[in-house]
Amino acid sequence: MIAINAPSIASAWERAVRHVLAKGVPVTTEDGEETLETDEMIVKVDDPLWNLKSPHARCPCGKNMLDAYAEQLIKGTGNAFEYDYHSRIFEYDGAYDQIIDALVRIGIVPQTRRAICSVWNVKRDNVTGGSVPCLQWIQFLVRDNKLQMKVLFRSNDVLLAMHANMYALVHLQQYVATALGLPVGSYTHIVTVPHIYYKRDANEVQKWSSTSA
């Protein structure tokens, strides 16, 4: 396991990418993709809003794309996807708003450990085939009068997806903190299987070679 503590989302992402490229071992996924994979990773950013609007220079998503992704996570999109995180969080199983539930729980018991959003839907995702979410759950936690957020990914494409995931999820954290009238606390990003598609994304991997570091 690797634990990363960094001052910003961008610097945390860089350390995560470099770790998987340096320590990853080849694993072929059930979809036949060649990956580099490492043991679990815990990434903590104490002040996730610091320098949030300045993505890493090597992030494959531009600033406009990151902002659009964050907005879609919170507000949803009219586009049809096999799954999207907004519907899983705000309209779980077609109707249940887990953010409202979290706000109510925290409002009643500020120190609760049960303000959880589940993303995996057993009825849909335990069926073989199709695309399933990488994000599994989100926990909102009020400590020291700040709203912390902790997220768990069963699997995370560290090179192409992780920066965007963290960026959008911190915006969700800020959204909930604002609704509660609280400042934003730490953000913790836990990945049980971090990986990089080193063959499919060879051009992006090349940007991290020693000669371009």
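The values are calculated or read from the model by the stated rules, or taken from the named source; none is laboratory data. Fair warning: this is a prediction, and the values are worked out from it, not measured in the lab. So basically every Cβ, Gly included, is an ideal-geometry build from the backbone, and we count neighbours across all protein chains shown. All accessible areas refer to the heavy atoms of the entire protein, side chains included, with ligands and DNA or RNA removed. Shrake-Rupley method; radii C 1.70, N 1.55, O 1.52, S 1.80 Å.
Of note:
- Subset of K75/K123; K146/K207; K44/K75; K123/K207; K146/K199; K123/K146 violating a 32 Å alpha-carbon distance limit: K146/K207; K123/K207; K146/K199; K123/K146
- Label-to-label distance, nm, for residues given as R200 and T77 (7 Å Cα→Cβ offset): 1.7 nm
- Beta bridge orientation in the chain: antiparallel %, DSSP, nearest 5: 65 percent
- Taking only protein heavy atoms and a 1.4 Å probe, the accessible area of the chain is 51% carbon and sulfur.
- Label-to-label distance, R18 versus N126, with points set 7 angstrom from Cα along the beta-carbon direction: 4.3 nm.
- Heavy atoms of D101 accessible to a 1.4 Å probe, total area in Å² rounded to 10: 40 Å²
- Using a Förster distance of 25 Å, the FRET efficiency for R143-D39 (Cβ separation, nearest 0.05): 0.35
- Peptide ranges 188-194, 68-74 listed from the most packed, as the mean C-beta count within 10 angstrom indicates: 188-194, 68-74
- Based on protein heavy atoms only, segment 18-144 ends up with 59 Å² per residue of surface accessible to a 1.4 Å probe.
- A viscosity of 0.890 mPa s and a temperature of 25 °C, combined with the Kirkwood radius over C-alpha pairs in the Stokes-Einstein formula, give segment 102-213 a diffusion coefficient of 154 µm²/s.
- Calculated SAXS-style log₁₀ I(q)/I(0) at q = 0.15 Å⁻¹ - the chain, Debye, Cα scatterers: -1.00
- Calculated from the alpha-carbon coordinates, segment 1-87 shows an Rg and a Dmax of 15.6, 40 Å respectively.
- Each Lys and Arg contributes +1 and each Asp and Glu -1, all at the Cβ; summed about the Cα centre of the chain, the dipole is approximately 580 debye.
- The charge dipole of segment 1-42, taken about the Cα centre with unit charges on the Cβ atoms of Lys, Arg (+1) and Asp, Glu (-1), comes to about 400 debye, rounded to the nearest 20.
- Rounded to the nearest 20 debye, the dipole magnitude of segment 26-101 is 620 debye, with +1 charges on Lys and Arg beta carbons, -1 on Asp and Glu beta carbons, and the Cα centre as origin.
- Relative contact order (%) - the chain, alpha-carbon pairs under 8 angstrom, separation at least six: 27 percent
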